[in-house]
Amino acid sequence: MLVLVVDSSTPAVTAALAEVTADGVALRAHRCTVDARAHGELLAPQVEAVLADVDARPADLGAIVAGLGPGPFTGLRVGLVTAATMGQVLGIPTYGVCSLDGIGHPTTPSTTTPAEQRVLVAADARRKEVYWAVYDGTGRRIVGPEVDAPAVAAARARELAVTEAVGDGAHRYADVLGLPLRAEPRYPEAAALVALAVARIRAGAPGETLTPLYLRRPDAVAATSRKSVLP
């Protein structure tokens, strides 16, 4: 089955195609552009490009996997609206995955990383805050997702005996977090997102409503009272 993967929860705008079989998952095409101000302009052309890379059409897709965030309102909704619209038009299921899981989940099996290890995943949430979660060495999320000041995330990491940090937010606030850094991944990985949804895909599970993980209210709010236009 050919599966489209999209994520726009961070400055990295990602579209990929994965082939899911009974034996495994293989990425067949991938596009990722880091631009925090161009989610709407980038995602649709990238979806078109990955389909062209494997000479496929939208009708060839069997499912769509989308990163649910957390992420800033404007960027995150681009990916979710794209995934939901395509799923509805094509009549195929959509599956959501926490985008932080796409950073914290290992894309390849490891025999050297113990389950007791604790890893802090942090993404930039703007407003001098981070979206964060803590994972064990197998990629299982044990705390989060949350949004806090980096100092708050650092304090919680100490309480949880976290040993290292990963993600763009971890690099941005490395001096506050005070943890050894993994160089990669800095953003959600398409291979991890589809791996986290593969059991549902293989089982033919019903499609899900793609509910975004905003974690806080958008910057823009409706006016609470009318304003006079008279001098």
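The values are calculated or read from the model by the stated rules, or taken from the named source; none is laboratory data. Quick caveat: nothing in here was measured; it's all calculated off a predicted structure. FYI the Cβ positions are ideal-geometry reconstructions off the backbone, even for glycines, and counts take in every protein chain you see. With ligands, DNA and RNA removed, areas are computed over all heavy atoms of the protein, side chains included. Shrake-Rupley method; radii C 1.70, N 1.55, O 1.52, S 1.80 Å.
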**Item:** Whether region 67-191 is rounded, prolate or oblate, judged on the alpha carbon gyration tensor where a/c under 1.5 counts as rounded
**Value:** oblate
**Student exercise, region 1-91 dipole from Lys, Arg, Asp, Glu Cβ charges, in Debye to nearest 20** = 260
**Message:** If I compute Cα extents along the principal axes in Å from the structure I just sent, which labelled value in [x] 68, 40, 34; [y] 60, 43, 32; [z] 69, 47, 29 lines up?
**Reply:** [z]
**Item:** Å² of accessible area per residue within the chain, as computed with a 1.4 Å probe and no ligands counted
**Value:** 50
**For the chain: relative contact order, % (alpha-carbon pairs under 8 angstrom, 6 or more apart)** = 21
**Request:** Measure out, as a whole number of angstrom, how far apart the alpha-carbon centroids of region 73-89 and region 114-150 sit.
**Result:** 24
**Asked** Once the dipole of region 36-140 is set up with Lys and Arg at +1 and Asp and Glu at -1 on Cβ about the Cα centre, which of Ala63, Thr85, Ala49 lies farthest towards its positive end?
**Response** Thr85
**Asked** Using mean Cβ contacts within 10 Å as the protection proxy, how do 182-188, 99-105, 55-61 order, highest first?
**Response** 99-105, 182-188, 55-61
**Fill in**
TM-like helix rule applied to the chain (DSSP H, alpha carbon span at least 18 Å on the long axis, mean Kyte-Doolittle at least 0.5) gives 73-90, 190-203
**Asked** Using a 1.4 Å probe on the protein chains only, how many percent of the accessible area of the chain belongs to carbon and sulfur?
**Response** 53
**Request:** Using DSSP, restrict attention to beta bridges with both residues in region 60-183 and report what percent are antiparallel, rounded to the nearest 5.
**Result:** 60
